[in-house]
Every structure is written in C-alpha cells, then in structure tokens.
Amino acid sequence: MLLPAAILSDVTKSKTAINPQRIVVKLGTGVLTSQGGQLDTTRIAAVCSEIASLRARGTEVIVVSSGAVGLGMGVLGLAKRPKDVTKKQACAAIGQSLLMQTWQTGFAPHRLPVAQVLLTHEDLRARDRYLGIKQCLDQLLAWGTVPIINENDTVSAAEIQAMLKFGDNDTLSAMVASLAQAQYLVILSTVSGLLDLRGNGQVVPVVEKITPEIEAMAQGTSSETAVGGMISKISAARLATKAGCGVFIASGAEHEILAKLFSGRGAGTFFVPSGLPMESRKRWLAYFQRPAGSVLVNECAVPVLREQGRSLLAVGVTGTRGEFAGGDIVNIAGPDGTVFARGKSTFSSVEVAKVAGKHGAEVAALYPNRKRLEVVHRNDLVLL
C-alpha cells in the first residue's frame, strides 16, 4: 500500500516532491548487514547515493547507524548476540571502525565528508552537553558533512545496570531528530512498515495518533544482531511526533526509498506529527531525562497544572517516591499514581516531605533564604 501524498501538507500544496530542510535517517543492523554479519556494501552505497541527491537539493541529512555490535560479531564469527556486557563492548569496539570505514567509502564518490558522533544517554541528560551536541551537529551540517551517529556501546553497555543506555538506536534516532529539530525521521527497517497483524496483515499507511490498538500491532525482533523490533519503533515515533517531527517507517531494501517517501509514492507507514512542537527546553525536560523520583499531588493540583499551566505549589503536594536532590528531574503523579507531568524540583525529597500540604507563608518560614518556593516552577514543568 502506498503512502498517500495528501498526508503531507507540503505535498498537498505542491503535488510534487518536497525538500525538507533537515531529516534524520536511521538504518538498523538488519538493513546494513547480510547473513553472517557481513556489511551489505551495495545497499549502503545505494543509501549514500540517495542521501547525496537529497543534499544536492538542499536537505541536510543526519544518519543514525546501527551495526557496530553486529559487525564485531561477524569478525569474531559469533552466531548469537552476546549476553555478557564485556563481550558486547568488545564486539562494538571491533565493529565501529569497520562501520565508519564503510560509510566513508560509500560517500566518497559523492565528495561528502562524514563525521563520527558516538553518544550515550548521559550525553543528552546534562543540559550543557545536550546544547554542545546540538551546536556541534549544526556546525557539521553547515560544513556540508554527513554526521554518522551511533550509540557508544563500548561505554553505554557498561551502564545497563544503571539504566543509562538508550536501549536501541530507534530511541536514539528519535532523540536526535528532536534535538536537531528535524522535520522528518525516516526509520529504514527490514519490514515495509507497521503491519496490521490483527486485521488484513497489510501495511498501515498512516497513523494519526498512537493508540493502544496501534501499540498492539507491534512485534519484537528475533534477530540475533538487532535490538528492539517494531515495539521500539512505535516508542520512537511517539517521542519524535510529540516534538513536531513526522516519522516514516519503511523498508531499507526498496530502491530509492527516500525519494519515493518524499514524493508520496513510497510504501511505508507515516506517523503524523503533533500540531505544535514543544519549546526546546521543555522537550529536553520531557524526553532526555531519567527522573530521579516522583512528586505526588492531590486531585486539586492536577487540573491546575494540566489546564491552567501554573507552577506546582507545596499546598498541592501529598508526598514523594524515591530520593532526589534539589535540581533533579522528577515525575509528577496524580492521586491514582498516573504520571502526567515532569519537571525540575526546587527541593530535595526530604524537603518536599516537610513542605507537603503547606501554604506559601509556611514554606517561606521554613526556608526564608530560598528565592523560589514553588516545588516545580511552571518554566521547568512539562505535561506528558
């Protein structure tokens, strides 16, 4: 089933191929490698040619490339993805250099330089590093290079126990699309899109909203070299669309798939972006942070935060979960335990427990030297 051109407003207006200013293209291990963990150089060369064509029309392209662990497995002759953290690190260390060499070779005929960027979640969690990465990507694109981004598995694999890794490059690609303020994220996979396995088994051409029914269509992956499957792609699409980025899921094996997608002729699934993208800082708060704990609020505070856009005051707080310091990012949960917001806490968990339920004058008496008495200021709060 082909994507109808009418789903893209730009295509609707022009009836011709659109030229987005900036896109992110994510390629999974299954797209980049053949059986036995060997790189599919023919396919990579074809993708490089497509990206070069987009660049020639003025579209900046960031590539998020999987494959380092899979390539390392191929070199070592491993048939199954190692479960041991150290072995995964070793595979990534061996495969990453091969991956970059292949991308450099693929773009060389088009005279496009490439730049390696390896990231962990912690790189995007710290606000100053987040901004530094954004500025670096902007400069690389201004210089006409193609950034090749991958998760830094040699480091992040060791962080699994601390829950600091992305978990898959689908999530990473969505974060990069959000950070770079890309108009579109294209996830190229071994499948042609989201399949309606509960219905006719055909590709779902358009998803206007990610509902429980859409989530139920997702399936995991059984590949020994890949991580995530359709479940992680749906999760990535949710993140990116909330940042105002349209998301395509399509087959990386289809000839000239990028040109087809941006002319409304490509087979795949398109996830419609939210109408208004979040302001950059609030997007960072919402999606690039690992909450240190939770602040619980009463039923009166929920509509005040949701509908009136006000700060969270101590009078609306009932308690906390977990331990956190002042300045940490926390979830905000209603009386039923449902998390509906996230923000930066002015107080530590111990201090929140002391001020919970108190009015402003009482909080000021407890902490007379504090400039801010809100538990979470509205400028540091985002609804999920």
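The values are calculated or read from the model by the stated rules, or taken from the named source; none is laboratory data. This structure is a prediction, so every number in the text was calculated from the model and none was measured. Neighbour counts run over all protein chains shown; Cβ positions are idealised from the backbone, glycine included.
The numbered conditions (1) under 18 Å from Val24 (Cα atoms); (2) of a type in the set (A, V, I, L, M, F, W, C); (3) in a loop (DSSP other than H, G, I, E, B) are all true for Leu78 except (1). If you check Val117, Val85 for being surrounded by fewer than 18 Cβ atoms within 10 Å (Cβ to Cβ), within 25 Å of the chain's Cα centre (by Cα) and of a type in the set (A, V, I, L, M), only one passes: Val85. Of all residues in segment 249-264, at least one satisfies being assigned to a helix (DSSP H, G or I), over 18 Å from Ser173 (Cβ atoms) and assigned by TED's automatic domain parsing to the domain that holds Arg55.
Cβ separations smaller than 6 Å between residues 6+ apart or across chains give no pair from segment 39-52 residues that are in the same structural domain as Leu99 (by TED's automatic domain parsing) and within 16 Å of Leu71 (Cβ to Cβ) to residues that are at pLDDT below 90 and acidic (Asp, Glu). Taken as a whole, the condition of being modelled with pLDDT of 90 or more, assigned by TED's automatic domain parsing to the domain that holds Val176, crowded, with 20+ Cβ neighbours inside 10 Å and assigned to a helix (DSSP H, G or I) does not apply to Leu124. Does Glu215 satisfy the criteria of being at pLDDT below 85 and closer than 16 Å to Thr171 by Cα? Criteria met by Glu215. I'm checking my understanding of the structure. Among residues of segment 91-107 that are without any contact (Cβ under 8 Å) to a residue 40 or more places away in the chain and among the small types (Gly, Ala, Ser), which one is surrounded by the fewest Cβ atoms within 10 Å (Cβ to Cβ)? If we take residues in segment 91-107 being without any contact (Cβ under 8 Å) to a residue 40 or more places away in the chain and among the small types (Gly, Ala, Ser), then Ser97 is surrounded by the fewest Cβ atoms within 10 Å (Cβ to Cβ).
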